[in-house]
Amino acid sequence: MLYQFHELNRTFLNPLIQWAEASSKLFTNPVSPFAHTPFAQRIAAGYELIYRLGKDYEKPAFGIKSVKVNDTSVGIVEVVKQQKAFCTLIHFKKDLSAEDIAALNQPTVLLVAPLSGHHSTLLRDTVRSLLKENDVYVTDWSDARMVPLSEGAFHLHDYVHYVQDFIHNLGKDKSVHVVSVCQPTVPVLAAISLMASANDPIMPKTMTMMGGPIDPRKSPTAVNNLATEKPFSWFENKVIYTVPANYPAFGRRVYPGFLQHAGFVAMNPQRHAQSHWDFYMHLRAGDNESAEEHRKFYNEYNAVLVMPAEYYLETIKTVFQEFSLPAGTWEIDGKLVRPQDIKNVALFTIEGELDDISGSGQTEAAHGLCSSIPKSKKQHFTAPQCGHYGIFAGSRWRDVICPKIGEFIRAND
């Protein structure tokens, strides 16, 4: 009943939230007489803070309209390449003629986004940077509360099959380079391992794995400890609920977004409290630039998607409790996942020195598992002074990490 109670509570609070938004505008709009009263800026700041703390955050847009290619601004169009029940493969197509696109001769990159709470738009900066030198496709995962029960369940092995389908789709006519960020490093490695074991004729040229839990036993973080300290039954009984009747997936068992968001905030509550206080003070001082940065960050951070229960629980058990991939015990459709069968796919692993989500060595562990890949086709990089999000967004990503991935892809294309 918790999910239903949450939705009911939101319904009751919605008028208050809307009132706070309207009041904030009333005290800031220059045509409003209230905006010229004493303390108007402080009052407006308080109302906006209430509004942003209580509002429902929808999935943001990627919003990538153009990129610089060879010092020329090129338009970007989002095109649906493949539609599946729980994921849409989006092509960020450059708005050029077929001849001009062919002349660019850019490598095809499949960017596999996490299905671990936030929307794929969290990789906006990743996509924008990769687009300069690559033809980019992104996995845009669906919010489980919007997928009707008639579409069936979504398991961890379904994620693996989706990745294989996307590689096959893109690799029919061209070489493909797979880049995975955080959670998908595990199912991506499984997908490519099974393809190698089956002597699949369509294999990616490279696989780049960034900040993922290939072997969570190495340098365990607070995230890893939670999964090992709590029994599997705790996750089944405490975080899994059914979707209420006001969504298309009524009756589907899920890990609700509001619980995930509470978990994110609980990892560092002091930092978030300080951030909101700073936001209020910036509004009071008229520092609109800093306030807008806060809005942009939390518009993304607070927008969480609902995960299918079976997928989430299987990830907890397979990846974080049984360590099935590094232990060599993971079976999918009766076939053992054997990374040692991969021979001709170049491997690049990337970690952040200060990553508090995927600890040091967890991603690099892929090199030991992929023992048949020649050393000349393996590469590892630890980004100095870089946290988890810094390896795929921000200045270090743009100036240091993305260029290294570009060099790696070109060297193995």
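Can you give me the ranges of the strands (runs of 3 or more DSSP E) entirely in region 41-135 with at least 3 residues that are at pLDDT 95 or above?
Working: elements: 66-69, 72-84, 87-94, 108-112.
Where strands (runs of 3 or more DSSP E) fall fully within region 41-135 and carry at least 3 residues being at pLDDT 95 or above, they are 72-84, 87-94, 108-112.
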Six or more apart or on different chains, Cβ under 9 Å: which pairs go from a residue in region 155-173 that's over 23 Å from F92 (Cα atoms) to one that's part of a helix (DSSP H, G or I) and β-branched (V, I, T)? Could you list them? L156/V186; L156/T315; L156/T318; L156/V319
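Could you go through region 384-392 and let me know if any residue there is closer than 30 Å to N237 by Cβ, out of contact with any helix residue (DSSP H, G or I) (no Cβ under 6 Å at 6 or more places or on another chain), of a type outside the set (D, E, K, R) and not in a loop (DSSP other than H, G, I, E, B). Lay out the reasoning, then the answer.
Start the filter on region 384-392 by keeping residues that are closer than 30 Å to N237 by Cβ, which leaves 388.
Filter again for out of contact with any helix residue (DSSP H, G or I) (no Cβ under 6 Å at 6 or more places or on another chain), leaving 388.
Pick out the ones that are also of a type outside the set (D, E, K, R) and you get 388.
Now drop any that are not not in a loop (DSSP other than H, G, I, E, B), which leaves none.
Scanning region 384-392, I find no residue that is closer than 30 Å to N237 by Cβ, out of contact with any helix residue (DSSP H, G or I) (no Cβ under 6 Å at 6 or more places or on another chain), of a type outside the set (D, E, K, R) and not in a loop (DSSP other than H, G, I, E, B), so the answer is no.
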Here the residues within region 109-129 that are within 18 Å of G75 (Cα to Cα), buried (at least 21 other Cβ atoms within 10 Å of the Cβ) and in contact with a Lys or Arg (Cβ under 9 Å, 6 or more places away or on another chain) are R128, S129
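Scan region 67-83 for residues that are small (G, A, S) and in contact (Cβ under 8 Å) with a residue 12 or more places away in the chain and jot them down.
Quick first cut of region 67-83, residues small (G, A, S) only: 73, 75.
Scanning region 67-83 gives a single hit, G75.
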Residue list for region 1-27, restricted to those being modelled with pLDDT under 90, surrounded by 13 or more Cβ atoms within 10 Å (Cβ to Cβ) and not hydrophobic (A, V, I, L, M, F, W, C): Y3, Q4, H6, E7, R10, N14
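Please tell me if V319 is at pLDDT 95 or above, under 30 Å from G251 (Cβ atoms) and aliphatic (A, V, I, L, M). Lay out the reasoning, then the answer.
On the way: at pLDDT 95 or above: yes; under 30 Å from G251 (Cβ atoms): yes; aliphatic (A, V, I, L, M): yes.
For V319, the condition - at pLDDT 95 or above, under 30 Å from G251 (Cβ atoms) and aliphatic (A, V, I, L, M) - is met.
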Qualifying positions in region 28-40 - buried (at least 16 other Cβ atoms within 10 Å of the Cβ) and part of a helix (DSSP H, G or I): A35, A40
Go over the candidates I202, I214 one by one and state the one that is crowded, with 16+ Cβ neighbours inside 10 Å, at negative phi and of a type in the set (V, I, T). I214
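Name the residue that is farthest from C182 (Cα to Cα), counting only residues in region 355-372 that are in contact with a His (Cβ under 8 Å, 6 or more places away or on another chain) and surrounded by 15 or more Cβ atoms within 10 Å (Cβ to Cβ).
Residues of region 355-372 in contact with a His (Cβ under 8 Å, 6 or more places away or on another chain): 355-358, 364, 367.
When the remaining residues are screened for being surrounded by 15 or more Cβ atoms within 10 Å (Cβ to Cβ), the result is 355, 357-358, 364, 367.
Working: D355: 11, I357: 9, S358: 8, E364: 12, H367: 16 Å.
Restricting to residues being in contact with a His (Cβ under 8 Å, 6 or more places away or on another chain) and surrounded by 15 or more Cβ atoms within 10 Å (Cβ to Cβ), the top hit is H367.
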Within region 373-397, residues being in contact (Cβ under 8 Å) with a residue 12 or more places away in the chain and crowded, with 16+ Cβ neighbours inside 10 Å number 15
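The values are calculated or read from the model by the stated rules, or taken from the named source; none is laboratory data. As the structure is a prediction and not an experimental result, all values here were calculated from the model. Cβ coordinates were reconstructed from backbone atoms using ideal geometry, including for glycine residues, and neighbour counts include every protein chain displayed.
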